[in-house]
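The values are calculated or read from the model by the stated rules, or taken from the named source; none is laboratory data. These numbers come from a predicted model, not from an experiment. Reconstructed Cβ throughout: ideal geometry from the backbone, glycine too, with neighbour counts over all protein chains shown. These area figures cover heavy atoms from the full protein model, side chains too; ligands, DNA and RNA do not enter into them. Shrake-Rupley method; radii C 1.70, N 1.55, O 1.52, S 1.80 Å.
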Amino acid sequence: MPGLEIRDLVVEYSSGGYAVRPIDGLSVTTEAGELVLLLGPSGCGKTTLLSCLGGILTPTSGTITFGETTVTGLDGARLTDYRRHTVGIVFQAFNLVPSLTALENVEVPLRAAKVPKAQRRARATELLEQVGLSERMKHRPGDMSGGQQQRVAIARALALDPPLLLADEPTAHLDYIAVEEILRLLRDLASGERVVVISTHDQRMLPLADRVVELVPQFGRVEVAEPEVVDLAAGEELFAQGSFGELIYMLEAGEVEILRRLENGSWESRVTVTPGRYFGEIGPLFGMPRSATARAKTAAKVTGYSVRDFRQRIGPQGMGELLSHAGDT
């Protein structure tokens, strides 16, 4: 029985001169008949991993094996054959052909595989009945609900009876009732020799899964610029309210006061920054002018980081915590 094995998988690409790794050294082993969840927020590499499993994207290194097939070793006709007969993909946006009926949409992969008309019509009818759309076969996507379109997309992915089914955020555009229907359908499809892999951030799917792979956003091997170190004398200004800046600062020693100039010309002290704390993040992160002035309260030493460098150093969890109680600068 075919199982899925992912070993030391790395996906790396260049973005703005930086090397980014959404997947870095991932290893997972599943058994036949399992429903596998790829769980995590946007940007954590779920769709990237599905693309690798589907033979759409070639990873930088590592191996993917399904049954006796080493997917990462395929090319040319063998890769085309794998995509057509081994894997079925349910896209997040459904990707149905608007001008075709539900029946005709399910027939598309059968037509591409040169299945005779009578056989492909019988197979498409069988699949639409299986997903509960026996009364909607002649309807076009525009005349169907989101849940119905998703079921057509699932039926189409099953057209050639693939042993590996991939679904990218299958509940993303559905209402609560439709979600329940799709979840039950996907659970039922993971049986026998078929492995179903679903990318999602929907926690409701957890009880249905045989295996959960939690992914987190990776910032990978980013080229980190040298930080800018600044020594300030007491009373010296680091940046002014209303100015634009590209650096986010961390106080290494001393104290820095964050002040806001009011409409009447007076100054209001907002906070005194102590060593180990970041400040000045909001302006650079969101492309806004500084809404306060930073001035050394005592002799101080600060380190300035670019936005990219700062994100890399603090990590996604730290970013969330920082922005939840962000300052004014």
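Just to confirm a number: summing +1 for Lys and Arg and -1 for Asp and Glu over residues other than Leu251 whose beta-carbon lies under 13 angstrom from that of Leu251, what do you get? It works out to a net charge of -1. Candidates (i) 21.5; (ii) 19.6; (iii) 23.2; which is the computed Kirkwood radius over Cα pairs in Å? Answer by label: (iii). Rounded to the nearest Hz, the phi-derived 3J(HN,Hα) couplings of segment 6-13 under the Karplus curve 6.51 cos²θ - 1.76 cosθ + 1.60 (θ = phi - 60°) are 10, 10, 6, 6, 10, 10, 9, 9, where x marks glycine and proline.
Classify segment 1-99 as rounded, prolate or oblate from the Cα gyration tensor: take a ≥ b ≥ c as the square roots of its eigenvalues, call it rounded if a/c is under 1.5, otherwise prolate when a/b beats b/c and oblate if not. Rounded, since a/c falls under 1.5. Solvent exposure of Ile64, expressed as accessible area, is near 0 Å², computed with a probe of 1.4 Å over the protein chains only. In the complete set of protein chains, residue-level accessible area for His139 is approximately 60 Å², probe 1.4 angstrom.
By the helix-only formula, in which each DSSP H run with n ≥ 4 contributes -39500 (n - 2.57) and the sum is divided by residues, the chain has a 222 nm mean residue ellipticity of -8500 deg cm²/dmol. Rounded to the nearest 10 degrees, the inclination of helix 117-130 to the longest alpha-carbon principal axis of the chain is 60 degrees.
Residues in segment 188-203 carry Karplus couplings, in order, of 5, 6, 7, 7, x, 9, 7, 9, 10, 10, 10, 8, 6, 10, 7, 5 Hz; the curve used is 6.51 cos²θ - 1.76 cosθ + 1.60 with θ = phi - 60°, and Gly or Pro positions show x.
Straight-line reach from Lys117: taking Cα to Cα under 17 Å and skipping same-chain neighbours fewer than 8 places apart, the lysines in range are Lys138. For the peptides 111-120, 28-37, residues were scored by their other Cβ atoms within 10 Å and the scores averaged per peptide; the highest-first order is 28-37, 111-120. When a 1.4 Å probe is rolled over the protein heavy atoms, the share of accessible surface on the chain that falls to carbon and sulfur comes to 48 percent.
Relative to the longest principal axis of the Cα atoms of the chain, helix 307-324 runs at roughly 80 degrees.
Accessible area per residue for the chain, computed on protein heavy atoms with a 1.4 Å probe, is 49 Å².
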